[in-house]
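See below for the structure under consideration.
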Amino acid sequence: MSIPVITIKDLTKIFPKKEGRRRVEALKNVNLTVHEGEFLILLGPSGCGKSTLLRIMAGLDTHTGGHLTFDTNYNPQKSSFVFQNFAILPWLTVAQNISLNLIGNKVPQKEQDERVKHILNVFELTTFKDRFPHELSGGMKQRVGLARAFVINPQTIFLDEPFSELDFFTAQNLRQILLTLWETQKTTVVMVSHYIDEAVLLADRIAVFSGRPGTIKTIITNELPRPRKARSAPFFAVEDTLLKYLSDEKHII
Ligand code: ADP
Ligand code: MG
(Lines give C-alpha, C1' and ligand atoms only; values in the text may rest on other atoms or scores of the structure.)
(Ligands and ions follow the chains in the order given, each with its own letter.)
Protein backbone atom coordinates (compact mmCIF):
# COMPACT_ATOMS: atom_id res chain seq x y z
CA MET A 1 0.00 0.00 0.00
CA SER A 2 1.47 3.35 -0.99
CA ILE A 3 2.01 6.01 1.63
CA PRO A 4 -0.31 9.05 1.58
CA VAL A 5 2.14 11.98 1.37
CA ILE A 6 -0.44 14.77 1.28
CA THR A 7 -4.03 14.38 2.51
CA ILE A 8 -6.61 17.05 1.72
CA LYS A 9 -10.03 17.01 3.39
CA ASP A 10 -12.90 19.39 2.59
CA LEU A 11 -10.42 22.08 1.64
CA THR A 12 -11.73 25.55 0.83
CA LYS A 13 -10.02 28.66 -0.47
CA ILE A 14 -11.68 32.04 -0.53
CA PHE A 15 -9.81 35.07 -1.84
CA PRO A 16 -11.34 38.04 0.02
CA LYS A 17 -12.48 41.22 -1.73
CA LYS A 18 -9.36 43.31 -2.08
CA GLU A 19 -8.03 46.32 -4.02
CA GLY A 20 -10.84 46.41 -6.57
CA ARG A 21 -10.94 42.59 -6.91
CA ARG A 22 -14.16 40.89 -5.97
CA ARG A 23 -14.34 38.02 -3.45
CA VAL A 24 -13.62 34.68 -5.14
CA GLU A 25 -14.50 31.25 -3.82
CA ALA A 26 -11.71 29.44 -5.69
CA LEU A 27 -11.94 25.98 -4.07
CA LYS A 28 -14.81 24.26 -2.29
CA ASN A 29 -14.80 20.92 -0.44
CA VAL A 30 -11.75 19.51 -2.19
CA ASN A 31 -10.82 15.96 -1.13
CA LEU A 32 -7.63 14.43 -2.46
CA THR A 33 -4.76 12.21 -1.36
CA VAL A 34 -1.34 12.31 -3.01
CA HIS A 35 0.46 8.96 -2.79
CA GLU A 36 4.22 8.55 -2.51
CA GLY A 37 5.90 8.10 -5.88
CA GLU A 38 2.80 8.64 -8.00
CA PHE A 39 2.40 10.94 -11.00
CA LEU A 40 -0.79 12.86 -10.28
CA ILE A 41 -2.31 15.39 -12.67
CA LEU A 42 -4.87 18.06 -11.80
CA LEU A 43 -6.92 18.58 -14.97
CA GLY A 44 -9.67 21.05 -15.69
CA PRO A 45 -10.83 24.22 -17.39
CA SER A 46 -9.23 27.59 -16.88
CA GLY A 47 -10.07 29.36 -13.64
CA CYS A 48 -11.28 26.27 -11.74
CA GLY A 49 -8.60 26.56 -9.04
CA LYS A 50 -5.91 24.09 -10.18
CA SER A 51 -3.01 26.50 -9.62
CA THR A 52 -4.48 27.62 -6.31
CA LEU A 53 -4.66 24.04 -5.05
CA LEU A 54 -1.12 23.28 -6.28
CA ARG A 55 0.25 26.41 -4.60
CA ILE A 56 -1.50 25.51 -1.32
CA MET A 57 -0.03 21.97 -1.40
CA ALA A 58 3.43 23.41 -2.11
CA GLY A 59 3.16 25.89 0.78
CA LEU A 60 3.10 28.95 -1.51
CA ASP A 61 -0.41 29.91 -0.39
CA THR A 62 -2.73 29.09 2.52
CA HIS A 63 -6.17 27.50 2.63
CA THR A 64 -9.12 29.14 4.34
CA GLY A 65 -11.03 26.02 5.40
CA GLY A 66 -10.74 22.26 5.76
CA HIS A 67 -7.58 20.28 6.39
CA LEU A 68 -4.23 19.73 4.71
CA THR A 69 -1.92 17.18 6.34
CA PHE A 70 1.48 15.80 5.40
CA ASP A 71 3.11 12.46 6.10
CA THR A 72 5.72 12.71 8.87
CA ASN A 73 8.48 11.98 6.33
CA TYR A 74 7.36 14.81 4.04
CA ASN A 75 10.04 17.50 3.97
CA PRO A 76 9.09 20.84 2.41
CA GLN A 77 12.82 21.57 1.95
CA LYS A 78 12.87 18.62 -0.42
CA SER A 79 10.05 19.83 -2.60
CA SER A 80 10.38 21.88 -5.79
CA PHE A 81 8.04 24.00 -7.88
CA VAL A 82 8.13 24.52 -11.64
CA PHE A 83 6.25 27.57 -12.92
CA GLN A 84 4.48 27.99 -16.25
CA ASN A 85 6.33 31.26 -16.92
CA PHE A 86 9.73 29.76 -15.88
CA ALA A 87 10.43 32.31 -13.09
CA ILE A 88 14.20 32.18 -13.47
CA LEU A 89 16.32 35.08 -12.27
CA PRO A 90 17.41 37.34 -15.16
CA TRP A 91 20.64 38.55 -13.50
CA LEU A 92 22.03 35.04 -12.96
CA THR A 93 23.47 32.63 -15.54
CA VAL A 94 21.93 29.25 -16.28
CA ALA A 95 24.36 27.45 -13.94
CA GLN A 96 23.91 30.07 -11.21
CA ASN A 97 20.10 29.83 -11.42
CA ILE A 98 20.34 26.07 -10.94
CA SER A 99 22.97 26.22 -8.16
CA LEU A 100 20.87 28.73 -6.25
CA ASN A 101 18.51 25.94 -5.20
CA LEU A 102 21.37 24.16 -3.42
CA ILE A 103 22.29 27.13 -1.23
CA GLY A 104 21.64 26.38 2.43
CA ASN A 105 21.73 22.69 1.61
CA LYS A 106 24.18 20.71 3.77
CA VAL A 107 25.55 18.89 0.72
CA PRO A 108 29.38 19.29 0.37
CA GLN A 109 30.52 21.73 -2.35
CA LYS A 110 32.10 19.03 -4.50
CA GLU A 111 28.87 17.02 -4.59
CA GLN A 112 26.88 20.20 -5.32
CA ASP A 113 29.12 20.92 -8.32
CA GLU A 114 28.68 17.35 -9.54
CA ARG A 115 24.90 17.55 -9.20
CA VAL A 116 24.78 20.79 -11.19
CA LYS A 117 27.02 19.30 -13.87
CA HIS A 118 24.88 16.18 -14.07
CA ILE A 119 21.55 18.00 -14.29
CA LEU A 120 22.93 20.44 -16.91
CA ASN A 121 23.78 17.37 -18.96
CA VAL A 122 20.36 15.72 -18.42
CA PHE A 123 18.60 18.84 -19.72
CA GLU A 124 21.14 19.40 -22.55
CA LEU A 125 22.16 22.73 -21.05
CA THR A 126 25.91 22.18 -20.66
CA THR A 127 26.93 24.45 -23.55
CA PHE A 128 24.50 27.12 -22.31
CA LYS A 129 25.63 27.11 -18.69
CA ASP A 130 27.16 30.61 -18.79
CA ARG A 131 24.32 32.24 -20.74
CA PHE A 132 21.83 34.65 -19.21
CA PRO A 133 18.04 34.05 -19.43
CA HIS A 134 17.49 36.86 -21.99
CA GLU A 135 19.70 34.91 -24.41
CA LEU A 136 17.48 31.81 -24.16
CA SER A 137 14.30 30.65 -25.93
CA GLY A 138 11.20 29.69 -23.91
CA GLY A 139 12.11 26.03 -24.24
CA MET A 140 15.61 26.63 -22.90
CA LYS A 141 14.25 28.69 -20.01
CA GLN A 142 11.94 25.85 -19.00
CA ARG A 143 14.87 23.42 -19.19
CA VAL A 144 16.49 25.68 -16.58
CA GLY A 145 13.25 25.72 -14.54
CA LEU A 146 13.12 21.92 -14.53
CA ALA A 147 16.88 21.50 -13.92
CA ARG A 148 16.66 23.89 -10.96
CA ALA A 149 13.77 21.86 -9.56
CA PHE A 150 15.50 18.48 -9.99
CA VAL A 151 19.00 19.47 -8.82
CA ILE A 152 17.97 18.99 -5.19
CA ASN A 153 16.81 15.40 -5.89
CA PRO A 154 13.32 16.36 -4.71
CA GLN A 155 11.00 14.02 -2.82
CA THR A 156 8.04 15.89 -4.26
CA ILE A 157 7.80 18.12 -7.31
CA PHE A 158 4.92 20.46 -8.12
CA LEU A 159 4.55 21.65 -11.72
CA ASP A 160 2.06 24.26 -12.95
CA GLU A 161 1.41 23.78 -16.68
CA PRO A 162 5.16 23.57 -17.32
CA PHE A 163 4.87 22.86 -21.05
CA SER A 164 1.96 25.02 -22.14
CA GLU A 165 4.15 27.94 -23.32
CA LEU A 166 6.40 25.69 -25.40
CA ASP A 167 6.30 24.48 -28.98
CA PHE A 168 5.09 20.92 -29.63
CA PHE A 169 8.52 19.28 -30.13
CA THR A 170 10.18 20.98 -27.16
CA ALA A 171 7.21 20.09 -24.96
CA GLN A 172 7.34 16.43 -26.04
CA ASN A 173 11.08 16.26 -25.42
CA LEU A 174 10.77 17.77 -21.93
CA ARG A 175 7.84 15.48 -21.06
CA GLN A 176 10.06 12.49 -21.82
CA ILE A 177 12.91 13.84 -19.67
CA LEU A 178 10.43 14.48 -16.85
CA LEU A 179 9.10 10.92 -17.12
CA THR A 180 12.61 9.46 -17.04
CA LEU A 181 13.56 11.48 -13.95
CA TRP A 182 10.29 10.58 -12.21
CA GLU A 183 10.86 6.88 -12.92
CA THR A 184 14.53 6.83 -11.90
CA GLN A 185 14.36 9.13 -8.88
CA LYS A 186 10.97 7.86 -7.59
CA THR A 187 9.85 11.44 -7.09
CA THR A 188 6.22 12.19 -6.20
CA VAL A 189 4.84 14.42 -8.97
CA VAL A 190 1.81 16.70 -8.80
CA MET A 191 1.26 18.57 -12.04
CA VAL A 192 -1.42 20.93 -13.35
CA SER A 193 -2.53 20.55 -16.95
CA HIS A 194 -5.40 21.57 -19.16
CA TYR A 195 -4.48 19.19 -21.96
CA ILE A 196 -6.27 15.83 -21.97
CA ASP A 197 -3.59 14.12 -24.11
CA GLU A 198 -0.80 15.32 -21.83
CA ALA A 199 -2.64 13.97 -18.79
CA VAL A 200 -3.18 10.55 -20.39
CA LEU A 201 0.44 10.37 -21.55
CA LEU A 202 1.95 11.18 -18.16
CA ALA A 203 -0.32 10.49 -15.20
CA ASP A 204 -1.00 7.49 -12.97
CA ARG A 205 -4.09 9.28 -11.70
CA ILE A 206 -5.99 12.28 -13.03
CA ALA A 207 -8.08 14.48 -10.74
CA VAL A 208 -10.75 16.12 -12.90
CA PHE A 209 -11.93 19.54 -11.71
CA SER A 210 -15.26 21.18 -12.24
CA GLY A 211 -15.75 24.93 -12.68
CA ARG A 212 -15.87 27.67 -10.08
CA PRO A 213 -15.90 27.19 -7.16
CA GLY A 214 -13.40 24.50 -8.05
CA THR A 215 -13.98 21.05 -6.73
CA ILE A 216 -12.80 17.60 -7.80
CA LYS A 217 -15.44 15.88 -9.86
CA THR A 218 -13.75 12.51 -10.18
CA ILE A 219 -10.36 10.84 -10.00
CA ILE A 220 -9.44 8.56 -12.90
CA THR A 221 -6.82 5.84 -12.48
CA ASN A 222 -4.82 5.53 -15.69
CA GLU A 223 -3.47 2.01 -15.98
CA LEU A 224 -2.12 2.23 -19.54
CA PRO A 225 1.25 0.44 -19.61
CA ARG A 226 4.40 2.53 -20.04
CA PRO A 227 5.93 3.63 -22.35
CA ARG A 228 2.56 4.82 -23.62
CA LYS A 229 1.56 4.93 -27.26
CA ALA A 230 -0.30 8.21 -27.73
CA ARG A 231 -2.16 7.33 -30.91
CA SER A 232 -3.58 3.97 -29.90
CA ALA A 233 -7.11 2.73 -29.18
CA PRO A 234 -6.58 2.24 -25.40
CA PHE A 235 -5.09 5.76 -25.18
CA PHE A 236 -8.10 7.27 -26.96
CA ALA A 237 -10.41 5.31 -24.65
CA VAL A 238 -8.91 7.02 -21.56
CA GLU A 239 -9.17 10.39 -23.36
CA ASP A 240 -12.86 9.68 -24.05
CA THR A 241 -13.52 8.91 -20.39
CA LEU A 242 -11.94 12.23 -19.41
CA LEU A 243 -13.83 14.10 -22.13
CA LYS A 244 -17.10 12.73 -20.80
CA TYR A 245 -16.39 14.25 -17.38
CA LEU A 246 -15.17 17.52 -18.86
CA SER A 247 -17.77 17.94 -21.60
CA ASP A 248 -20.32 19.71 -19.43
CA GLU A 249 -17.66 22.22 -18.36
CA LYS A 250 -17.25 25.51 -20.20
CA HIS A 251 -13.97 26.55 -21.86
CA ILE A 252 -12.43 23.09 -22.05
CA ILE A 253 -8.97 22.79 -23.61
P1 ADP B 1 -6.61 27.71 -12.76
O2 ADP B 1 -5.18 27.48 -12.41
O3 ADP B 1 -7.46 26.48 -12.70
O4 ADP B 1 -6.77 28.40 -14.09
P5 ADP B 1 -6.55 29.56 -10.52
O6 ADP B 1 -6.23 28.70 -9.37
O7 ADP B 1 -5.43 30.38 -11.08
O8 ADP B 1 -7.23 28.70 -11.67
O9 ADP B 1 -7.70 30.58 -10.10
C10 ADP B 1 -8.95 30.16 -9.55
C11 ADP B 1 -9.80 31.39 -9.27
O12 ADP B 1 -9.21 32.14 -8.22
C13 ADP B 1 -9.91 32.35 -10.46
O14 ADP B 1 -11.20 32.91 -10.47
C15 ADP B 1 -8.89 33.40 -10.15
O16 ADP B 1 -9.22 34.62 -10.74
C17 ADP B 1 -8.94 33.47 -8.64
N18 ADP B 1 -7.64 33.87 -8.07
C19 ADP B 1 -6.45 33.22 -8.22
N20 ADP B 1 -5.47 33.85 -7.53
C21 ADP B 1 -6.06 34.93 -6.93
C22 ADP B 1 -5.59 35.97 -6.07
N23 ADP B 1 -4.31 36.03 -5.67
N24 ADP B 1 -6.49 36.89 -5.66
C25 ADP B 1 -7.78 36.84 -6.03
N26 ADP B 1 -8.30 35.87 -6.83
C27 ADP B 1 -7.45 34.93 -7.28
MG1 MG C 1 -3.48 27.93 -13.51
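Within the range 82-110, name every residue whose backbone N is under 15 Å away from a label modeled 7 Å from Cα of D130 along the Cβ vector. Only 93-96 pass the distance filter. Based on Cα contacts under 8 Å between residues 6+ apart, the range 1-131 shows a relative contact order of 23 percent. When the convex hull of its Cα atoms is viewed from all sides, the chain shows a mean projected area of 14.8 nm².
Protein heavy-atom accessible surface, 1.4 Å probe, per residue over the range 162-253: 51 Å². Length gained on full extension, R212 to N85, computed as 0.36 nm times the residue gap minus the Cα-Cα distance: 43.4 nm.
Round to a whole number: what % of the accessible area of the range 1-75 belongs to carbon and sulfur, probe 1.4 Å? About 49 percent, which is the carbon plus sulfur part of the accessible surface.
On a per residue basis, the range 85-154 carries 53 Å² of accessible surface, using protein heavy atoms and a 1.4 Å probe. Amide H to amide H distances under 5 Å link T218 with V208, where only residues 5 or more positions off or on other chains count and H is placed in the peptide plane.
The mean sequence distance of close C-alpha pairs (under 8 Å, at least 6 residues apart), as a share of the length of the chain, puts its relative contact order at 27 percent.
Segment R175..K106, full-extension length gain: 21.8 nm, with 0.36 nm per residue of separation and the alpha-carbon distance subtracted. Within the accessible area of the range 106-253, the carbon and sulfur atoms contribute 54%, probe 1.4 Å, all protein chains present. Here the peptides 78-89, 193-204, 10-21, 59-70 are ranked by packing, the mean other Cβ count within 10 Å, and the order with the highest first is 193-204, 78-89, 59-70, 10-21. Annotation: extensible slack from K9 through N153 equals 49.0 nm (criterion: 0.36 nm per residue apart, minus Cα-Cα distance). Could you compute the FRET efficiency for N75 and K17, with r as their C-beta to C-beta distance and R0 at 30 Å, rounded to 0.05? Plugging the Cβ-Cβ distance into 1/(1 + (r/R0)^6) gives 0.25.
Pairwise over distinct Cα atoms, reciprocal of the mean inverse distance: report the Kirkwood radius of the range 85-154 in Å, one decimal place.
Taking every pair of different Cα atoms in the range 85-154, averaging 1/r and inverting gives 11.8 Å.
The 3J(HN,Hα) values that the Karplus relation (6.51, -1.76, 1.60; θ = phi - 60°) gives for the range 67-80 are, in residue order, 10, 9, 10, 10, 4, 4, 7, 5, 10, x, 5, 9, 10, 10 Hz. Gly and Pro appear as x.
The values are calculated or read from the model by the stated rules, or taken from the named source; none is laboratory data. Everything numeric here is computed off the predicted structure, so don't read it as measured data. We place every Cβ from the backbone using ideal geometry, glycine too, and count neighbours over all the protein chains shown. We work out accessible area using only protein heavy atoms, side chains counted, and drop any ligands, DNA or RNA first. Shrake-Rupley method; radii C 1.70, N 1.55, O 1.52, S 1.80 Å.
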